[in-house]
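Q: Quick one: the structure is below, questions incoming.
The values are calculated or read from the model by the stated rules, or taken from the named source; none is laboratory data. Since this is a predicted model, take the numbers as computed values, not measurements. Ideal geometry is used to build each Cβ from the backbone, glycine not excepted, and the neighbour counts take in all protein chains shown. For the accessible areas, the whole protein counts, side chains as well, though only heavy atoms, and no ligand, DNA or RNA atoms are used. Shrake-Rupley method; radii C 1.70, N 1.55, O 1.52, S 1.80 Å.
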Amino acid sequence: MAYFAFFGTIVGYNFVKYEALVRAKKNKIRLEFKAIVFLSFLSLSAVGFYFFQLQRITQIVSVGVFFVTILYTLPFFPNWKNARNWAGVKIYIVALCWVGVTVVLPILNAEIAITWDFYLKCIQRFILIFVLILIFEIIDLAKDDPYLQTVPQQIGVKKTKMLGYFLLMAFGLLEILNSNINFNGNIKYNSQYSSFLLSCVIAIALAFANEKRSKYYTSFWVESLPILWWLMLLIL
């Protein structure tokens, strides 16, 4: 399941990011881009291999997540834009895809009983990704099409940050409510520590976000926060 999610993320991310570039500049493909295509092809092969190692229900749901990703990138309906350009919708689609891949699929594949803990984790993960995307929307505020109606475009940067802080507090509260999860005690508390620490780091990143930040503020630092979370879990 972990390998499927890892390689699937590479394929999905590269498809979303570079699909339009391929269609627009077919004759201007540089060596670096060819390397990305090659990496994506290898990852797609790995996805196909690990897909058939999954439980049947996991396969079915993963196909659903895949189609949401395709819908996000390609316009399936006549005279409609892709879901990425639907006004006010992008942030919810991305967060839902994250929930599907990082919570729903692993739980289904492990055949763990669906309890209230599962729903709390889904809400918690949705909140976390929602806040991370708020940082991206603040950074991109100056260049985003006003039609997109991103959160900062609708309520302003200051209120967007306040919303982010409120959601992070809700994330921490859900972590406390979910403290009775039926894991080994050390795993439970270590997960709580890492979640609270991650919330603090995200709050700091949100506080310093503004339209004048370098693109690396999000494309490197913010996008690396899930990796930081994973490392904290390993260390603890």
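Q: In segment 126-145, how many residues are touching a Ser or Thr at 6+ places or on another chain (Cβ under 8 Å) and either small (Gly, Ala, Ser) or open to solvent by 20 Å² or more (accessible area, probe 1.4 Å) (or both)?
A: Residues meeting the conditions: 4.
Q: Something else now. Mind counting the residues in segment 201-236 that are modelled with pLDDT of 90 or more, open to solvent by 60 Å² or more (accessible area, probe 1.4 Å), closer than 17 Å to Arg125 by Cα and aliphatic (A, V, I, L, M)?
A: 2
Q: Given the criteria surrounded by fewer than 18 Cβ atoms within 10 Å (Cβ to Cβ) and assigned to a helix (DSSP H, G or I), does Ile123 qualify? Show your work before the answer.
A: Values: surrounded by fewer than 18 Cβ atoms within 10 Å (Cβ to Cβ): yes; assigned to a helix (DSSP H, G or I): yes.
The answer is yes for Ile123.
Table: residues versus (1) outside any helix (DSSP H, G or I); (2) modelled with pLDDT under 95; (3) open to solvent by 20 Å² or more (accessible area, probe 1.4 Å); (4) under 21 Å from Ile176 (Cα atoms).
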{"position": "Ala95", "(1), (2), (3), (4)": "no, yes, no, no"}
{"position": "Trp98", "(1), (2), (3), (4)": "no, yes, yes, no"}
{"position": "Leu105", "(1), (2), (3), (4)": "no, no, no, no"}
{"position": "Ala113", "(1), (2), (3), (4)": "yes, yes, yes, yes"}
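Q: Yes or no: segment 70-85 includes at least one residue that is surrounded by 13 or more Cβ atoms within 10 Å (Cβ to Cβ) and modelled with pLDDT of 80 or more.
A: Of segment 70-85, the ones surrounded by 13 or more Cβ atoms within 10 Å (Cβ to Cβ) are 70-75, 82-85.
Add one more test, that the residue is modelled with pLDDT of 80 or more, and what stays is none.
No; the residues of segment 70-85 include none that is surrounded by 13 or more Cβ atoms within 10 Å (Cβ to Cβ) and modelled with pLDDT of 80 or more.
Q: A further question follows. Need the failing condition index for Leu198 against (1) open to solvent by 20 Å² or more (accessible area, probe 1.4 Å); (2) modelled with pLDDT under 95; (3) of a type in the set (A, V, I, L, M), just the number.
A: So Leu198 meets the others, but not (1).
Q: Give segment 154-179 a look and list any residue that's among the polar types (S, T, N, Q) and over 29 Å from Ile114 (Cα atoms), or say none.
A: Gln154, Thr160, listed by residue number.
Q: Given the options Leu174, Leu148, name the one that is among the hydrophobic types (A, V, I, L, M, F, W, C), modelled with pLDDT under 80 and buried (at least 17 other Cβ atoms within 10 Å of the Cβ).
A: Testing whether each residue is among the hydrophobic types (A, V, I, L, M, F, W, C), modelled with pLDDT under 80 and buried (at least 17 other Cβ atoms within 10 Å of the Cβ) leaves just Leu148.
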